[in-house]
1. If the Cβ limit is 6 Å and pairs must be 6+ apart or interchain, which residue in the stretch 161-185 that is at positive phi pairs with which residue that is surrounded by fewer than 21 Cβ atoms within 10 Å (Cβ to Cβ) and in a loop (DSSP other than H, G, I, E, B)?
2. Suppose we filter the stretch 78-94 for residues that are over 14 Å from Ser120 (Cα atoms) and crowded, with 21+ Cβ neighbours inside 10 Å; how many remain?
3. Among the residues that make up the stretch 15-29, is at least one of them out of contact with any Ser or Thr (no Cβ under 8 Å at 6 or more places or on another chain), over 26 Å from Val197 (Cα atoms) and surrounded by 18 or more Cβ atoms within 10 Å (Cβ to Cβ)?
4. Which one is surrounded by the most Cβ atoms within 10 Å (Cβ to Cβ) among residues in the stretch 43-59 that are touching a Gly at 6+ places or on another chain (Cβ under 8 Å) and at pLDDT 95 or above?
5. Name the single residue, out of those in the stretch 161-188 being under 22 Å from Ser209 (Cα atoms) and aliphatic (A, V, I, L, M), that is surrounded by the most Cβ atoms within 10 Å (Cβ to Cβ).
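The values are calculated or read from the model by the stated rules, or taken from the named source; none is laboratory data. Computed from a prediction, not measured in an experiment: that's the story for all the values here. Glycine also receives a Cβ, built like all others from the backbone with ideal geometry; neighbour counts cover every protein chain displayed.
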Amino acid sequence: MHLLLLSLGIGAVPDFVSANVKRPTGEVLVGYLNDAARPYAGEAFVAAEREQLANLGYTLTDITAGDYDQVDEFVAALDDLDVLYVAGGNTFVLLAALRRHGAAAVVVEKVRAGLPYIGSSAGSVITGPSIEPVSFMDNLADAPDLADAPDLADRSGLCLIDTVVIPHADGALPPYPPELIAQIKESYEADYPLSFVNDDQAILVENMSPRLVSSPRLVAPAETPLSR
């Protein structure tokens, strides 16, 4: 498996893509899975995340997993991709969308078969064994399907890695101050393996071996998104 799990900065993306996709940058097709951002439609940070990725020169195609009623259609949407990028936003909304019609199992199968995966914030959290530890960061009320449907009550993630990524761990973004990060650590570290990732870092997973790498921001401070 090949995964790059970002907090905010995308500086590690070009090297990751070039190492795993053997074609010119402009020919690289990236599937931009945007379900996590849907509660924040129209917010500046949503457009900024997509724009900074497009500015790297890749061809982006938008994918909304929750809109696929038939799992075969979702499989087809992923078949021609060179990379799957799972955008940030609300982790509960993302989990609900992936589970609604079986997309979660498709993502796991594709990634285990070799499709390079890039997650950002919520897209990184979802790869772990559970999303429970980000309950202090995200609002469950934004994912009514997850809150109300018995088959979605389980908060297990995709289990592609064996640790829960906690993004924004440096506490630099106003919605996630150091006190909140400390509360997550105090409340959950006894029950879950946690990996705290600063906004200029990422977890790189190659052949099941994860390591922390640098991933600086590639946007000006004024453009930096203030939410996930």
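1. Note: pairs meeting the criteria are Gly171/Pro177.
2. Within the stretch 78-94, the first condition is being over 14 Å from Ser120 (Cα atoms), and the residues that meet it are 78-82, 92-93.
Within this subset, residues satisfying the condition of being crowded, with 21+ Cβ neighbours inside 10 Å are 92-93.
Within the stretch 78-94, residues that are over 14 Å from Ser120 (Cα atoms) and crowded, with 21+ Cβ neighbours inside 10 Å number 2.
3. no
4. Tyr58
5. So the residue we want is Val165.
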